1. So if I take the centroid of the Cα atoms in the range 105-159 and the same for the range 285-300, what is the distance between those two points in Å?
2. Show the residues, 5+ positions off or on another chain, whose built amide H is closer than 5 Å to the amide H of R86.
3. When we measure straight from the Cα of K329, which aspartates and glutamates land under 15 angstrom away, once same-chain ones fewer than 8 places off are left out?
4. Compute the signed sum of charges (Lys and Arg +1, Asp and Glu -1) over the other residues within less than 15 Å, Cβ to Cβ, of R218.
5. Quick one: Karplus J couplings for the range 251-265, per residue in order, coefficients 6.51, -1.76, 1.60, θ = phi - 60°, nearest Hz, x for Gly and Pro?
6. Identify all lysines with a Cα-Cα distance to K133 below 21 Å; exclude those on the same chain that are fewer than 8 residues away in sequence.
7. Determine the relative contact order of the chain: mean sequence separation of Cα pairs under 8 Å and six or more apart, normalised by residue count, in whole percent.
8. Per-residue HN-Hα couplings for the range 123-134, Karplus 6.51 cos²θ - 1.76 cosθ + 1.60 at θ = phi - 60°, whole Hz, x for Gly and Pro?
Amino acid sequence: MWTPPQKHKHPIPATRWPSADEAADSLLFAPLEHGALQLAQRSWVPAMVPWRATEDGQVTDDVVDWYARFAAGRPGALVVEATGVRDVPSGPLLRIGDDRFIPGLQRLTAAVRAASAGHTRLFIQLIDFLAVKRRPPADKFFARFLAVDAGHRARLAALQHQPRWLDAPEPELRAALHHAGPESWPALLTPRELRDLEYGYRESVSDLELPHIAELPRALPGLFAAAAARAQAAGFDGVELHYAHAYTMASFLSRTNTRSDGYGASLAGRLRLPLEVIAAVRERIGAGFVLGCRMLGDEVIAGGSDLADAVEFARAFARAGLEFISVSKGGKFDDALQPKVGEAVYPYTGPSGYECMPTVISDQRGPFARNLPQAAAIRAAIRADGLLTPVVAAGGLNSFEQAEGALQAGQADIIAAARQSLADPDWWHKLRLGRGDEIRRCKYTNYCEALDTRHKQVTCQLWDRQGLDAPDVTLSHDGRRRLVAPRWRR
Ligand SMILES: Cc1cc2nc3c(=O)[nH]c(=O)nc-3n(C[C@H](O)[C@H](O)[C@H](O)COP(=O)(O)O)c2cc1C
Ligand code: SF4
């Protein structure tokens, strides 16, 4: 995992918890209403992939237990993990690309409703992602994957001063390219081929030469709209379009999108497909079903979109009638660490990944409330346009003082906490009851995220070894960890 160059270990700041009366009078625990979005309080658990679905993307008992456990803490809203809109195999990640996924999702929505006594609104994050392959062994790459052409021949001939490579048999050429070694590969391969070799092949939205990538603007509005209709049928209160991090829709928004077909390059071009998806989804689900998105306040990569772009995206989304805009940061493939041979590159391992899920090993600024400035700027711009679209802030938010301070200062309308809610799903409820001193506070050391990176069932180090032999405890595949936080004994 990447850590910032200046390493300061930040303590979790001491904080003062509110009394029950103070909580009752706070903005955090005040209702919020905007169109179809009606929250009993302004607390939010954002999407977190727990790696608990079946290999074919279906809801399991463990998925139901995971969400019911968060619902017991009664957040105003809970967002189900990134769920694939296509009907294609994607390992143990939830899917919603066919009607056969609806019954399982119905079980999930019923469980959340029961566990929160109807208090928590439940949304599902809809995601599309492109192909990412594992980093290949170099011999395999040169023998099988590399599409050799006249350019490779010419570069090798020039590098080795041997014209025979211009028409040598292909197997010999492949072997020679391989044996030229890592120091020569940058001169022999295109930058893209070098990336495929060093990080694994991955598609990008600008690959217009690939027919299915060229067709994304025709395919995605229908796929997202059908998925949203299934979410509606399954009993969700709304959907969150995943326009953040390393995935297809964020890549359309990115300044790195160089598509020349009207869906890239300029700001209007990059916004075009995201707006068309919003329009298609809204047309399908109608009013009365919440439609929001998660987007990046900053990609935090060289040549990527920054806060100024994000403000324009958010203004356009607010004008398009979204009922919330949830702001995240970073989480890109572009600067991710090189994976080991046989593993796939992971978007939360580099500097932008750090910005997405900052840890206590940080720079001077530390991990807490680190993304609030982006949420605040986006909210201010939307308000300046005369629109009231609620803005959700996330990223190192872990105390009442900080959450209430941000709401009172108008930096955000809703406070989201992922890891603090994983560390203690009851923390919202404890706050509301004036029992903050019973909160199990997140350490922000990213044990959970390391499990996510390795595609292992996500748990929290603060509770996953407790009471393993209790009768109702379900255990991880290795039998060593419990899968949900122990019940709060009041
Ligand atoms: C294990 C794990 C899985 C995550 N999965 C998702 C996801 O599916 N979609 C998403 O938008 N963000 C995902 N995130 C990011 C969180 O929603 C959140 O933005 C981030 O952790 C920062 O907030 P925090 O400091 O409150 O944890 C995930 C985070 C963690 C720790
Ligand atoms: S594992 Fe660590 S970072 Fe993750 S929720 Fe638990 S305490 Fe927080």
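Just so it is clear, none of the values below were taken in a lab; they were calculated from the coordinates. This is a predicted model, so every value here is computed, not measured. Methodologically, a virtual Cβ is constructed for each residue, glycine included, from the backbone with ideal geometry; neighbour enumeration extends over all protein chains shown.
1. Distance between centres, Cα-based: 21 Å.
2. I96
3. Within the straight-line limit of under 15 Å, K329 reaches these aspartates and glutamates: D298, E299, D306, D309, E355.
4. Numbers: positive: R86, R259, R272; negative: D128, E215, D261, E276.
So the environment of R218 carries a net charge of -1.
5. After applying 6.51 cos²θ - 1.76 cosθ + 1.60, I find 6, 5, 6, 5, 4, 7, 7, 9, 3, 10, 9, x, 10, x, 6 Hz.
6. Partners within reach: K332, K340, K456.
7. Relative contact order, the chain: 19 percent.
8. 10, 10, 8, 9, 10, 10, 9, 9, 5, 10, 9, 6
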